[in-house]
1. Set the Förster radius R0 to 22 Å, insert the Cβ-Cβ distance between T368 and Q7 as r into 1/(1 + (r/R0)^6), and round the FRET efficiency to 0.05.
2. Among the lysines, which have Cα under 18 Å from the Cα of K107 when same-chain residues fewer than 8 positions away are ignored?
3. If a paramagnetic tag sat 7 Å from the Cα of H162 along the Cα-Cβ line, which residues of the stretch 283-312 would have the backbone N under 20 Å from that point?
4. Quick one: which of 332-340, 305-313 comes out on top by average Cβ neighbours within 10 Å, and what's the full order, highest first?
5. Sorted by mean Cβ packing within 10 Å, highest first, what order do the peptides 262-275, 187-200 take?
6. How charged is the neighbourhood of T66? Take every other residue with its Cβ under 9 Å from the Cβ of T66, and add Lys/Arg as +1 and Asp/Glu as -1.
7. Could you tell me which residue out of A39, Y64, V80 lies farthest along the dipole of the stretch 1-116 toward its positive end? Charges go on the beta carbon: Lys and Arg +1, Asp and Glu -1, centred on the Cα centre.
8. Under the rule of at least 5 residues apart or a separate chain, name every residue whose amide H is placed under 5 Å from the amide H of R161.
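The numbers here are math on the coordinates, done by the rules we state, and not lab data. Everything numeric here is computed off the predicted structure, so don't read it as measured data. Positions of Cβ are generated from backbone atoms using ideal geometry, with glycine treated the same way; all protein chains shown enter the neighbour counts.
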Amino acid sequence: MSTTDRQLRVGMVGYAFMGAAHSQAWRTVNRVYDLPARARMALICGRDAGKVADAADRLGWEAYTTDWRDLIARDDIDVVDVCTPGDSHAEIALAALAAGKHVLCEKPLANTVAEARAMAAAAATAQAAGVRSMCGFNYRRVPAVAMMRQLVADGRIGVIRHVRATYLQDWIVDPQFPLVWRLQKDRAGSGALGDIGAHIIDLTQYVTGRRITGVSAVTETFVKERPLPAGSSGLAASVDGGAVDGNGDGRHPATGAVTVDDAAVFVARLDGGVLATYEASRFATGRKNALRVEINGSLGTVAFDLERLNELEFYDATRPAAEQGFTRILVTEGEHPYMSAWWPPGHIIGYEHSFTHQMRDFVEAVATGVDPAPSFADGLQVQLVLDAVTRSAELGSSWTEVEPALTAVAV
Ligand SMILES: NC(=O)c1ccc[n+]([C@@H]2O[C@H](COP(=O)([O-])OP(=O)(O)OC[C@H]3O[C@@H](n4cnc5c(N)ncnc54)[C@H](O)[C@@H]3O)[C@@H](O)[C@H]2O)c1
């Protein structure tokens, strides 16, 4: 429990999937970690008054509003937490920074490079006035991933040769799954690429400390038309089966065009001579949320699988030949990243803890006046990789350099 009287009054926009995950983390963070400020769940925002009132009650927020502009205009809000789809990230974050609020914005930072550049520039300006900003790549905060980075930084796998990263889901394999916002370019920016590919781009750059410099990509949209949704949230939705009869036969609802990729596959070079492969798909039947990363170096290998998130695989090629083999490290010891505040060794943690760790790092950074990571500049750099992948795919997989961010980026 926090021992401080200092408060950070949080206002959160969006209350569905990420809104619930962030709320859980805001509720928990000061009860687990002793921090220099206490996060207060002051205000939640959603557009539907009834639903946001219910969300405020269910998720533990003190008050609600139906317009994010009200939230930003209030002088009793210190932090704006953006949990909306990508089409509103830039507008909300830019207004919040201009109003002097610290901002935590979900990934991907924006829907376009232009928006991300504007956000990184505004964050740099606000930083000079002590205003902090962070992009929500929460998987950095899984203890096994943080430990993976430590091992790599300590030289335990030597010179990095390969990165192999996949993030696989299957929630739209059914062609009758409706056209939710994640399948619309104007709402989401891109498909599997920006939604889940962005995570493995950030994670691998974070773990290796190297940046992707160029890519050759293919993308595909397997199902090009889908029924219009009746209602949707997060990764769930229902089809508008009755209200609209698009084909006039009394059975089929109206359909709309899918304007994003269903899957993206690319090879990449990272600086320092690293060769990498990336795959992001929503059509990997049977794979629900399968994020896997393996990094091979001259002295060893580290591998992580989100479905076994308390574990890290480590192959140490410096050990005597007779003893070599993959070691399964259970990342639950007090000396492992983030773990000292949780349970006795061996008592495992889960998906939601990555968000609590994210809030811990954010609150600590804001309260102590340092910049949290990943910054908006880091978010921009990921956006530039997404853009290079898209352009390469449009040019028949031609080799495409990642544009420089023009803003200092620390990975
Ligand atoms: N870090 C992660 O692992 C992770 C996981 C899922 C989603 N995300 C990201 O989080 C963001 C939200 O995704 P989600 O899955 O929570 O979506 P969602 O559809 O579950 O929720 C979006 C919420 O935003 C609200 N909203 C939309 N426009 C709004 C507006 N103009 N004003 C106020 N509220 C508005 C909706 O009502 C809803 O409450 C996206 O950027 C997504 O990429 C991150």
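1. Values: r = 15 Å, r/R0 = 0.68.
After rounding to 0.05, the efficiency reads 0.90.
2. K185
3. Flagged as within label range: 291-306, 312.
4. In descending order of packing, they fall as 305-313, 332-340.
5. Listed from highest to lowest mean packing, they are 187-200, 262-275.
6. In short, -2.
7. So the residue we want is A39.
8. So R161 has HN proximity to N296, G297, S298.
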